[in-house]
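Colleague: Dumping the structure here so I can ask a few things about it.
Throughout, read-outs are computed from the coordinates displayed, never taken from laboratory work. If you're wondering where the values come from, they're calculated on a predicted model, not measured in any experiment. Here the Cβ is made from the backbone with ideal geometry for all residues, glycine too, and neighbour counts use every protein chain on show.
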Amino acid sequence: MMKFIHKLTIVLALGGICGLAACSDDDQGFLKRNLREMSFPYVESSDTFTIRATGDWQISDTPDSREWTNAYGWVHVDQLSGKGDPGTYQKVTVTCDQNTSEERNATIYLHGCGEENVAIAIRQDNGIFEWKPFDNGQQFDVSGMLKLNAEAGAKLRIPYIKALGTEKYTVTVTQTGGDGITAASGSYSLPTAGNGYIEVPLTGTATKQGIVTFAVKATDEAGAEKDFGSVSTIVRAGFDAQGEELPLLTQNFGKFPWGGDCIGQKAGVTTADKTVANLSLDNETVSVSAGTNAGIGGITSTVRNGNAAFYRAIGMEGWTGYLNYMCPGYIQLGAASDNADGQPGNLISPVLNIPAGYDLLLTCKVAIWAAAPDQGMVGICEKNDGFWISKGTLDKIVASTKSYVSLDIPAYTWVEVTAVIPNPGAKANPAFFISTADSWFSGSSVKAGRWYIDDIKLVY
């Protein structure tokens, strides 16, 4: 009997040893965190992580130490130690001071329960003050309207980001045109911390319709000067007796139903029957992917020449041009391959009744796909039926009206652009054109590149 008890004791002891060897790490003590890294904006801000531990833990800002030495100076935690239990998630708050310099990094370390130097990386965004251009590339804009014989209510806006709100600048405005209007050069304090605008009021009453150009510079308290370039607009006269504007031209392509949404990167639909003579808004449709147009041919060439009723139905009567294609609610100019015939993507309006001596202002939205021209070209041309703009017929453009809009813009983003167009003088059948710029011609061909137009408005 004693031998049996002795053997049983040995067996149980061995079983206990085996059982201990089979226990998980969690059963023997652990220290866990839910994050390996944390990211913070440049402003003072806080975020949290959690600790789960089986016993005492500490946080340090240097490895191989359990002491907080304030090594970085800009990272703070709300508790440096604690006592955990396996079933509790303990929250720790990390706060980063506002950053006024380049992006910066730090590392904090957790210790305890048999673990050392369990790291959490901390990154904070660049916080250096910047003058931030608009998406269309302009470094300032004219916000509001300048009207002939009316008190100016517009202002120049200079955008900035990451300000402390204590900065001061001397703003100098040089003006050409705009008789009766004055820009308020002088000393300006940034009105808000973070992101905002310096706003320079325009005062007075405009006495003449036409182009006005503002050139802006700002000098900080240390004497460093920033040149923002120049922006042009017009003093407008095209209003009725009630003060409602009288545009010379509008086109928003709102009757274009088909195509993938290239800019919104969404699928769409197009007509199942692509025979030009059979095109109708009542046609059955099929799905098309984002990045494809309606696939029914050139709007102002194939469709215009092959189905007049449909052309009227989509709101394009009187419009001409070449290499332009339907997208849902907007139009594509240019193609994905070079055009050996020297034809840029372009669009030409119906004939306009331009008041004698009045300058014009274009506003429209532009966007780009992956491969795009560097700029667009706009102005007035002398139109004949079926005319399109090619490299060989640029003499049809009234050279004095030609202007350019930058397409150095973010992809898949609609950006509003403006261009002033000087009055063309007395011309036969004047029309507005928008085209891939002549800078995109290469030898006898036009380079590949697609761009997109919406919300055209021409005023005077």
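Colleague: Calculate the spin-label point distance for Thr363 paired with Ile161, positioning each point 7 Å from the Cα along the beta-carbon direction, and give it in nanometres.
Modeller: With each label point 7 Å from Cα toward Cβ, the separation is 2.4 nm.
Colleague: Going 7 Å from the Cα of Lys427 in the Cα-to-Cβ direction, what parts of the stretch 396-412 have a backbone nitrogen less than 14 Å from that spot?
Modeller: Output list for this probe position: 396-404.
Colleague: If I compute Rg and Dmax of the Cα atoms in Å from the structure I just sent, which labelled value in (i) 22.5, 70; (ii) 33.4, 127; (iii) 21.3, 67 lines up?
Modeller: Calculated Rg and Dmax of the Cα atoms in Å: the matching label is (ii).
Colleague: Would you list, by chain and number, the aspartates and glutamates whose Cα falls below 20 Å from the Cα of Lys447, excluding same-chain residues fewer than 8 positions away?
Modeller: Straight-line reach from Lys447, under 20 Å: Asp338, Asp341, Asp374, Asp408, Asp438.
Colleague: In debye to the nearest 20, how big a dipole does the chain give about its Cα centre with +1 on each Lys and Arg Cβ and -1 on each Asp and Glu Cβ?
Modeller: It works out to roughly 820 debye.
Colleague: Provide the FRET efficiency to the nearest 0.05 for the Asp385-Ala272 pair, computing r from the beta carbons and using R0 = 25 Å.
Modeller: 0.20
Colleague: Run the paramagnetic zone check for Thr203: 7 angstrom along Cα to Cβ, then residues of the stretch 168-191 with backbone nitrogen under 11 Å.
Modeller: Zone members listed by number: 182-185.
Colleague: Next question, about the same structure. Could you tell me what % of all Cα pairs in the stretch 130-235 have separations over 25 Å?
Modeller: Beyond 25 Å sits 19 percent of the P(r) for the stretch 130-235.
Colleague: By a straight-distance test (C-alpha under 28 Å), which lysines pair with Lys147 as possible cross-link partners, with residues fewer than eight away in the same chain excluded?
Modeller: Candidates past the 8-residue exclusion: Lys155, Lys208, Lys217, Lys365, Lys402, Lys427, Lys457.
Colleague: Okay, which of the stretch 361-390 sit inside 18 Å, backbone N to the point 7 Å along the Cα-Cβ direction of Gln265?
Modeller: 367-372
Colleague: 222 nm [θ] for the chain, helices only, -39500 (n - 2.57) per DSSP H run of 4+, per residue, to 500?
Modeller: Mean residue ellipticity at 222 nm (helix-derived): -2000 deg cm²/dmol.
Colleague: Straight-line reach from Lys32: which lysines fall under 16 Å, measuring Cα to Cα and dropping same-chain residues less than 8 apart?
Modeller: Here the lysines satisfying the reach criterion relative to Lys32 are Lys83, Lys91.
Colleague: Here is a further query. Once the Cβ-Cβ distance between Lys168 and Asn195 is put in as r, and R0 is 22 Å, what FRET efficiency do you end up with, to the nearest 0.05?
Modeller: 0.80
Colleague: Give a residue-ordered list of calculated ³J(HN,Hα) values for the stretch 76-87 (Karplus: 6.51 cos²θ - 1.76 cosθ + 1.60, θ = phi - 60°; whole Hz; x for Gly, Pro).
Modeller: 9, 10, 7, 8, 9, 7, x, 10, x, 9, x, x
Colleague: Starting from 0.36 nm per residue, how many nanometres of slack lie between Ala119 and Thr250 once their C-alpha separation is accounted for?
Modeller: Contour length minus Cα-Cα distance gives 41.2 nm.
Colleague: Output the Kirkwood hydrodynamic radius of the stretch 249-459, Cα pairs only, in Å rounded to one decimal.
Modeller: 17.2 Å
Colleague: Residue by residue through the stretch 129-143, what is 3J(HN,Hα) from phi via Karplus (6.51 cos²θ - 1.76 cosθ + 1.60, θ = phi - 60°)? Round to whole Hz and write x for glycine and proline.
Modeller: Those phi angles translate into 3, 9, 7, 10, x, 5, 4, 7, x, 5, 8, 7, 9, 9, 9 Hz.
Colleague: Next question, about the same structure. Beta carbons within 10 angstrom, averaged per residue: use that to sort the peptides 162-171, 376-385, highest first.
Modeller: Top of the packing list down: 376-385, 162-171.
Colleague: Could I have the simple spin-label model distance between Glu151 and Ala340, label points 7 Å from Cα toward Cβ, reported in nm to one decimal?
Modeller: 6.5 nm
Colleague: With angles folded into 0 to 90 degrees, how steeply does helix 2-21 sit against the dominant principal axis of the chain? Use alpha carbons for both and round to 10.
Modeller: Computed tilt is about 20 degrees.
Colleague: Suppose each label sits 7 Å from its Cα in the direction of the beta carbon; what would the Ser187-Val351 distance come out to in nanometres?
Modeller: According to this spin-label approximation, the distance is 6.0 nm.
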